[in-house]
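The values are calculated or read from the model by the stated rules, or taken from the named source; none is laboratory data. Bear in mind the structure is a predicted one, so any value in this text is a computation, not a measurement. Please note: Cβ atoms are built from the backbone with ideal geometry, for glycine as well, and neighbour counts cover all protein chains shown. Protein only, heavy atoms only, side chains kept; ligands, DNA and RNA dropped before computing areas. Shrake-Rupley method; radii C 1.70, N 1.55, O 1.52, S 1.80 Å.
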Protein chains: 2
Amino acid sequence: MNYRDAILTAAAGVFAQHGFRGSTTRRIADAAGVNEITIFRQFGSKEALIRAAMQHLTESAGLATLPEIPADPERELTEWSESFIQHLRLRSSIIRKSMSEIEERPEMCEFASDVPRRASNDLCLYLTALKRQGRVTEKFEPKSAAAMLMGAIFGDAMGREMMPDVYPQPKEKAAQMYAQLLLRALGVENGTGKATNKQTKRSKQLSH
Amino acid sequence: MNYRDAILTAAAGVFAQHGFRGSTTRRIADAAGVNEITIFRQFGSKEALIRAAMQHLTESAGLATLPEIPADPERELTEWSESFIQHLRLRSSIIRKSMSEIEERPEMCEFASDVPRRASNDLCLYLTALKRQGRVTEKFEPKSAAAMLMGAIFGDAMGREMMPDVYPQPKEKAAQMYAQLLLRALGVENGTGKATNKQTKRSKQLSH
DNA sequence: TGTGTAAGTAAGTGACTACTTGCATTTCCC
DNA sequence: GGGAAATGCAAGTAGTCACTTACTTACACA
């Protein structure tokens with residue numbers, strides 16, 4: 001039997017709750033149901049274990065994709081935003097812990113920054129394609145717009161736990177609201193809908 | 001002589017760099033140029049000291065204000081955003097560390113969440129006032145819009161250090177870009193000009 | 001001169017930490 | 001059934017941590 005995966009999973013869980021310094025080898029061993037020594041025999045050191053756990057996590061993370069050629073921006077961007085905000089929410093603890101390690105263990109953040117980096121790049125490409133299609137009435141920089149949507153999603157995923165009253169309710173609709181706000185900032189016409197029923201559709205979606 | 005303030009300042013600095021567990025009383029004492037025992041005599045315990053340091057920080061934080069009655073939305077919102085992003089950037093380390101303590105020391109986050117909570121409330125009131133003035137052509141929820149701008153600013157302030165290539169350049173213009181994108185999402189006219197008649201009608205029809 | 005207060009020095013306590021060593025046990029594959 | 005690899009157990013090492021005790025120094029003020 002090989003406890004490697006159990007240890008990696010336990011390490012990720014303990015790290016998410018207690019951070020690097022709080023992730024004692026004893027705690028991880030207990031969480032994995034394994035003798036503390038097994039950790040050192042398998043991974044050599046606590047630092048190597050945590051690094052392996054982080055890498056294991058980012059490798060197993062599947063990201064939603066945006067089409068190369070936008071067809072229905074509102075639908076596509078909403079779905080992507082919902083998938084992304086859900087991803088971040090499920091990992092909010094570990095993301096907070098990783099971010100707080102920048103000063104002391106910058107290498108560890110390389111792994112953590114991989115997912116948002118790819119997501120940002122995808123989103124940027126999508127917005128650029130939208131622009132090239134001429135479906136945008138406002139001038140904008142794709143990078144700024146992408147950073148804005150990603151920031152809104154990120155802030156919601158990180159902060160709602162701490163200050164639930166600050167963010168839109170219900171939380172399941174938040175991603176959609178951010179996506180729609182962004183599209184309006186860019187002046188994007190709704191892909192499938194007509195201009196005449198645009199407002200009706202929006203007010204329906206925005207009211208609760 | 002009373003070393004209280006020196007210790008508080010040193011504690012905040014050490015905490016910002018090393019987090020709670022990494023903030024050893026020895027490190028703090030060294031940073032303050034003080035004997036370790038003085039810390040315990042002044043504050044009783046490490047936890048009480050860190051808590052006092054956090055409180056001291058949030059109390060000394062001055063926030064930019066938004067006018068109760070919007071006059072020049074683009075200028076006002078840009079200036080507010082710039083002031084807010086600068087505030088967050090100067091404190092990004094300590095904010096990251098505080099956020100990562102939610103699981104283990106939730107009381108500490110009460111202090112940290114005070115500033116963004118007030119900022120969000122101010123922004124929300126401002127956007128509501130804009131809406132009531134009828135200078136907005138799109139229907140929107142102030143809370144969602146506020147969360148979006150705050151999130152964009154927050155994400156920029158937290159993430160740029162880790163992934164500078166993801167965010168708009170130069171960083172001094174970022175806040176302005178986010179503010180402008182938001183105003184366009186709400187359909188607010190540029191500068192001091194008012195909305196056109198047609199748009200005003202539309203917004204009146206759509207508002208409840 | 002005497003007293004109170006803030007600070008320092010030195011030494012130590014008990015608990016915890018990452019990590020090691022030596023040896024016994026289980027499990028798996030051939 | 002045997003050998004090798006993985007795992008467990010017990011004990012220990014050297015270091016760090018928050019915090020304490022007991023005593024001393026410096027200074028302000030009356």
Q: Highest first, please rank the peptides B:77-90, B:54-67 by the mean number of other Cβ atoms sitting within 10 Å of their residues.
A: B:77-90, B:54-67
**Q.** Total lysine pairs under 18 Å (Cα atoms) in chain A, excluding pairs fewer than 8 apart on one chain
**A.** 7
Q: Just name one of B:Met150, B:Leu130, A:Ala10: the one whose Cα is farthest towards the positive end of the charge dipole of the protein assembly as shown (beta-carbon charges, Lys/Arg +1, Asp/Glu -1).
A: B:Leu130
Q. About its Cα centre, how strong a charge dipole does segment A:50-90 have in debye, to the nearest 20, once Lys and Arg get +1 and Asp and Glu get -1 at the Cβ?
A. 360 debye
Q: List the residues of segment A:61-96 that lose 30 Å² or more of accessible area once all protein chains are present, compared with their chain alone (1.4 Å probe, heavy atoms only, no ligands or nucleic acids).
A: A:Arg96
Q.
Show me, for segment B:126-136, the HN-Hα J-couplings you get by feeding each phi into the Karplus relation (A = 6.51, B = -1.76, C = 1.60, θ = phi - 60°), rounded to Hz, glycine and proline as x.
A. 4, 5, 5, 5, 4, 5, 5, 5, x, 9, 10
Q) Taking all protein chains as present, what is the carbon and sulfur share of the accessible area of segment B:53-151, in % to the nearest whole number, probe 1.4 Å? A) 52 percent
Q. Mind checking the dipole of segment A:1-97: about its Cα centre, +1 per Lys or Arg Cβ, -1 per Asp or Glu Cβ, Debye to the nearest 20?
A. 820 debye
Q) Per-residue HN-Hα couplings for segment B:145-159, Karplus 6.51 cos²θ - 1.76 cosθ + 1.60 at θ = phi - 60°, whole Hz, x for Gly and Pro? A) 5, 4, 4, 5, 5, 4, x, 4, 5, 5, x, 4, 5, 7, x
Q | Dipole moment magnitude, nearest 20 debye, chain A about Cα centre, only Lys, Arg, Asp, Glu C-beta charged | A | 460 debye
Q. Of A:Val166, A:Ser120, A:Met99, whose Cα points farthest to the positive end of the dipole of chain A (charges on the beta-carbon: +1 Lys, Arg; -1 Asp, Glu; origin at the Cα centre)?
A. A:Val166
Q) Given a cut-off of under 8 Å on Cα pairs at least six residues apart, what relative contact order in percent is computed for chain B? A) 23 percent
Q) Accessible area lost on pairing B with A, both sides, 1.4 Å probe, Å² to nearest 100? A) 4800 Å²
**Q.** Mean accessible surface per residue for the protein assembly as shown, computed with a 1.4 Å probe while every protein chain stays in place, in Å²
**A.** 46 Å²
Q. Distance in nm between label sites at B:Glu103 and A:Lys171, each 7 Å beyond Cα in the beta-carbon direction?
A. 1.6 nm
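Grab the other residues whose beta carbon is less than 12 angstrom from that of B:Asn121, score K and R as +1, D and E as -1, and report the net. Numbers along the way, then the final one.
Values: positive: B:Arg117, B:Arg118, B:Lys143; negative: A:Asp165, B:Asp114, B:Asp122.
Result for the neighbourhood of B:Asn121: 0.
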Q. Once phi is turned into ³J(HN,Hα) by the Karplus curve 6.51 cos²θ - 1.76 cosθ + 1.60 with θ = phi - 60°, what whole-Hz value does each residue of segment A:111-121 show in order, with x for glycine and proline?
A. 4, 5, 7, 5, 4, x, 5, 5, 4, 4, 5
(Q) Give me the inter-chain shielding for A:120-126: mean count of other chain Cβ atoms within 10 Å, whole number please. (A) 1
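In deg cm²/dmol, rounded to 500, what helix-only [θ] at 222 nm does chain A give when every DSSP H run of at least 4 residues adds -39500 (n - 2.57) and the total is split over its residues?
So the helix-based figure for chain A works out to -22000 deg cm²/dmol.
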